[in-house]
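> My questions all concern the structure below.
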Ligand SMILES: C[S@@+](CC[C@H](N)C(=O)[O-])C[C@H]1O[C@@H](n2cnc3c(N)ncnc32)[C@H](O)[C@@H]1O
């Protein structure tokens, strides 16, 4: 199954937007949208932590922007955000959610593939990947495209899942992949090497795995408690009815060190 099908097979953007508007007729906060637009481990808090690397007025590209939670948070801080995603239905949802905020924001959103970035050389100040590099089969190609479009001294910032010490323990489905063929995890060390080979320097890597596990365990408890207000807006509205199984597997994968979660900053 192609990667955009994985993300859009269960998604009905119009119905979901309608439900968001009914639930929050006066506009939703970033926290209220988070269950459907922060589709990564750590939710809105992890995005906040990532955004410390950016400053207002920068032109920032979020590659694999999904439903756009991180973009709206950044736009609210005065950062000029462009979102690029291969899944057209997620881009439609992202655009619609901009209008559902209590304080609407403006962002640019386009459908494209990270392996061929439709931007001029040196035209972007910073690039973000949040749980999207993990879906990309040709990491070298994606990184060389990033290097081409970043201005000299520009930053590459990643919040990604990487392969842990025990990859044989990996269970599927997970939120980013129904099956092994859709998941393209490197070890943190292999990612470091790929970044150096692509011409990046000043690498800083932080391991966020412990916080990631605590957060996912807490979410799982809430999701399994079946509180009705969480049913309307849940990641299952985007990722489908197998989300519960994906979430349980994610906890097991983190516990068994099949995967880790890291932050990477490079120049
Ligand atoms: C797990 S979701 C994360 C979405 C968002 N970054 C977030 O954290 O909420 C991964 C996203 O990467 C996008 N993606 C996967 N492969 C891509 C590619 N080759 N080019 C652009 N986007 C891609 C998917 O469509 C999906 O929206």
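Nothing in this text is a laboratory measurement; each read-out follows from the coordinates by a stated rule. Everything quoted here is computed from the prediction, not taken from an experiment. Glycine also receives a Cβ, built like all others from the backbone with ideal geometry; neighbour counts cover every protein chain displayed.
> Need one number: nm distance between label points at residue 252 and residue 140, each 7 Å from Cα along Cα→Cβ, rounded to one decimal.
Taking the two extended label points, one gets 3.5 nm.
> Also: Where in segment 197-211 is the amide nitrogen less than 13 Å from a point lying 7 Å along the Cα-to-Cβ axis of residue 267?
200-204
> If you don't mind, there's one more thing I want to ask. With a Förster radius of 30 Å, plug the Cβ-Cβ distance of residue 224 and residue 168 into 1/(1 + (r/R0)^6) and report the FRET value to the nearest 0.05.
FRET efficiency, residue 224 to residue 168: 0.65.
> For the chain, modelled as a GNM with alpha-carbon contacts under 10 angstrom, which of 109, 41, 205 fluctuates the most?
205
> Another question about this same structure. Rounded to the nearest 5, what % of the DSSP beta bridges within the chain are antiparallel ones?
40
> Taking Cα pairs under 8 Å and at least six residues apart, what relative contact order does segment 3-266 come out at, in percent?
23
> Using all Cα-Cα distances in the chain, what percent lands in each 10 angstrom bin from 0 up to the longest?
7, 32, 39, 20, 3
> Report the full-extension gain for the segment residue 181 to residue 9: residue separation times 0.36 nm, less the Cα-Cα distance, to one decimal in nm.
Additional length available on full extension: 60.2 nm.
> Can I ask one more? If you take the beta carbon distance between residue 57 and residue 202 as r and set R0 to 25 Å, what does 1/(1 + (r/R0)^6) give as a FRET efficiency, to the nearest 0.05?
Efficiency computed from Cβ-Cβ geometry: 0.65.
> How far apart, in nm, are the 7 Å Cα→Cβ label points at residue 99 and residue 1?
About 2.9 nm, to one decimal.
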